[in-house]
Amino acid sequence: MCKLLESFLGKNLPEKLSRSDYLTSVLQLKVLPVQCSSISMMSTKECFEKVDILLLQNLSEFKEEVANCSKFSKLLSLGVDIFVNDSFSQSHRILASTVGITRFCCTCIAGFSFQESLCQLKEAAQTKRQPYVAIIGGGNLLDKVSALHLLASTCSALVFVGMMSFQIMHALGLPVSSRLVNHSVCKEAADVFQFSLDKSVQIVYPKDFWCKNVDTSKKMEIFASHDIPDGWLPVDLGPTSLDEINALLMKSKKIIWIGPVKFFNSSQSTGGASILARKLYDLIQSDCDVTVVGTTACKSLMQESSTLPACNVFENASVVWDFLKGKQLPGVLALDRAYPYKINWDAVFCDIALPLVVDIGSGNGMFLLEMARRRKDLNFLGLEINEKLVKRCLHSVCQLEMRNGHFIATNATSTFRSIVSSYPGELVLVSIQCPNPDFNKPEHRWRMLQRSLVEAVADLLAANGKVFLQSDVEAVALRMKEAFLLYGKGKLSVFQDQVGEGWLSENPFGVRSDWERHVLDRGDPMFRIMLSNSTTVNEAHLEP
């Protein structure tokens with residue numbers, strides 16, 4: 001039996017047919033709707049015999065769901081071994097049904113739709129096809145500055161079609177009524193403009209607007225964007241603006257439309273969004289790569305045809321904005337395997353046939369860089385979640401002209417398997433050194449080393465391969481050791497003479513990490529252990 005969480009199940013169902021009846025007819029399996037208050041009762045043996053699928057209803061209405069309550073998460077996980085998340089639109093939120101539940105399931109993976117959406121979003125952030133135009137609607141520029149910088153780094157033109165356009169026009173030095181400008185974000189708008197200018201990115205803003213009279217709301221006229229009289233407010237793009245945008249789009253090979261064409265009293269619009277949608281629909285037919293983001297934009301596009309056009313569609317704009325801001329998506333991080341990593345190993349290493357060493361949580365890279373300098377017969381890969389540290393490490397690799405060392409900014413828990421499994425050579429060593437425990441939040445300790453990561457290491461480690469663990473906190477070192485012995489599928493055993501809680505007295509590689517040096521310099525001990533994927537220890541691929 002399986003459980004289906006209905007929090008974000010689609011609403012476009014046949015009339016007079018419940019979700020459970022619809023799923024029963026489609027899947028040809030007995031689906032039983034269950035209220036959360038009775039989940040524990042529905043996980044009994046008798047229930048398993050009566051139904052195939054439990055449909056848990058209306059989770060979004062529970063405060064425990066939104067608060068990612070641990071008890072509620074555990075309740076949702078009752079009877080579940082494998083958790084499949086297919087709700088990518090909620091990946092930016094920390095919910096019990098998408099994040100909390102993963103603490104209590106053996107395996108947590110992405111569904112097909114989830115995986116496809118994430119891959120599409122990654123593609124939208126790349127620059128393979130040019131000219132690439134971003135149509136940017138909505139407001140709240142302050143919250144989107146980092147995303148606008150990314151778009152300016154990726155696109156050849158930024159087209160502003162929402163309230164943000166007035167901030168950009170003000171930054172360009174154009175006359176804009178003070179009532180249309182948020183003066184608290186003028187610096188940020190100027191930064192976006194200057195960054196775009198430095199990248200030679202074209203900025204397009206509305207040249208005219210349909211405006212309504214404040215006193216006579218039914219009266220509408222067209223005014224130039226720099227000459228809107230007092231008593232009039234813009235409600236939609238004017239014809240000159242739409243003509244300029246359409247001319248630009250005609251030359252484009254790739255387009256992303258994110259955010260609504262929305263100004264004051266959008267209910268009185270003259271169809272600017274529809275005109276844009278119609279142009280995009282035509283471009284899709286001529287093999288233009290189009291991504292549409294946000295409920296309003298998606299609705300406008302869908303109104304042009306009864307069939308879904310061949311483009312990338314994301315109705316929830318929040319998850320896309322967070323992705324473009326460079327934020328880690330909690331719903332993705334919680335999964336064991338979120339999406340396949342594609343790495344051109346030939347471009348990373350000089351000889352991809354060499355055995356591979358992976359340092360999980362490589363930090364500032366001192367350990368890996370020195371190891372790579374000493375051992376030219378091995379390739380070294382650092383996986384680190386802190387992007388700033390990874391950039392520094394990659395800069396060092398470039399300066400040293402190193403061809404056997406590389407770093408990737410990622411959460412190893414969710415991507416280790418997909419990254420390492422694609423490497424042509426053997427994985428001979430995995431090291432995890434001094435992970436940061438959070439003893440103030442016991443419910444978060446699971447994040448330090450998850451079962452899925454241990455299983456991935458055990459599956460991919462070569463015969464006689466090694467796992468090196470160390471920490472300056474003995475409880476952390478013990479936890480790591482116990483996790484690998486418990487979840488290592490019987491493949492891993494203690495290397496050399498270590499028995500019980502005995503630790504290695506010296507670093508077996510003669511290369512210390514930055515934190516290890518700090519700990520030893522202050523006179524404190526390090527707790528080290530080496531595990532092997534073979535009981536025959538004298539056949540090791542990597543000798544210390």
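The values are calculated or read from the model by the stated rules, or taken from the named source; none is laboratory data. Since the model is a prediction, treat every value here as computed from it, not as a measurement. Ideal geometry is used to build each Cβ from the backbone, glycine not excepted, and the neighbour counts take in all protein chains shown. Keep in mind that these areas ignore ligands, DNA and RNA; they rest on the heavy atoms of the full protein, side chains included. Shrake-Rupley method; radii C 1.70, N 1.55, O 1.52, S 1.80 Å.
Observations, loosely collected:
- In nm, spacing of pseudo-spin labels at Ala475 and Asp514 (7 Å Cα→C-beta vector): 2.6
- Sequence-distant residues sharing a close amide H with Arg375 (under 5 Å, placed H): none
- Segment 165-292, relative contact order in percent, only Cα pairs under 8 angstrom and at least six apart counted: 19
- Computed from the C-beta positions of Ser25 and Gln120 and an R0 of 25 Å, the FRET efficiency is 0.25 to the nearest 0.05.
- D (Stokes-Einstein, µm²/s), Kirkwood Cα radius, segment 81-196, 1.306 mPa s at 10 °C: 94
- Averaged over residues, the count of other Cβ atoms within 10 Å places the peptides 175-186, 285-296 in the sequence 285-296, 175-186, highest first.
- Per-pair calculated FRET efficiency, R0 = 22 Å: Gln285 and Ser113 via Cβ, rounded to 0.05: 0.35
- Label reach from Lys391 (point 7 Å along Cα→C-beta): in segment 138-167, amide nitrogens under 15 Å belong to 146-154.
- Packing here is the average count of other Cβ atoms within 10 Å per residue, and on that basis the peptides 78-84, 405-411, highest first, run 405-411, 78-84.
- Taking amide H atoms as placed 1.01 Å from N in the peptide plane, the amide H of Ile135 lies under 5 Å from those of Val159, Ile256, Trp257, Ile258, each 5 or more residues away in sequence or on another chain.
- The lysines within cross-link reach of Lys218, meaning a Cα-to-Cα straight distance under 21 Å and a gap of 8 or more places when in the same chain, are Lys262.
- For segment 345-533: rounded, prolate or oblate by the Cα gyration tensor [a/c cutoff 1.5]: rounded
- Here the gap between Lys325 and Leu174, fully extended at 0.36 nm per residue and compared with their Cα-Cα distance, gives a gain of 51.6 nm.
- Amide H partners (placed H, <5 Å) of Gly405, local residues excluded: Phe380
- Segment 188-230 - Debye-derived log10 I(q)/I(0), Cα point model, q = 0.23, 0.34 Å⁻¹: -0.77, -1.11
- Lysines whose Cα lies under 23 Å from that of Lys388, excluding same-chain neighbours fewer than 8 positions away: Lys122, Lys144, Lys199, Lys325, Lys327, Lys342
- Modelled FRET efficiency - R0 35 Å, Arg278 with Ser200, Cβ distances, 0.05 increments: 0.70
- Apportionment of accessible area to carbon and sulfur, segment 156-218, percent (1.4 Å): 52
- Area accessible to solvent at Lys299, 1.4 Å probe radius, in Å²: 130
- Model label sites at Glu426 and Thr216, defined 7 Å from Cα along the beta-carbon direction, differ in position by 8.6 nm.
- Surface/4 estimate of mean projected area, convex hull on alpha-carbon atoms of segment 124-331, nm²: 11.7
- Each Cα pair under 8 Å and six or more residues apart adds its separation to the average, and for segment 345-533 the resulting relative contact order is 22 percent.
- Packing, taken as the mean count of other beta carbons within 10 Å per residue, orders the peptides 350-358, 385-393 from highest to lowest as 350-358, 385-393.
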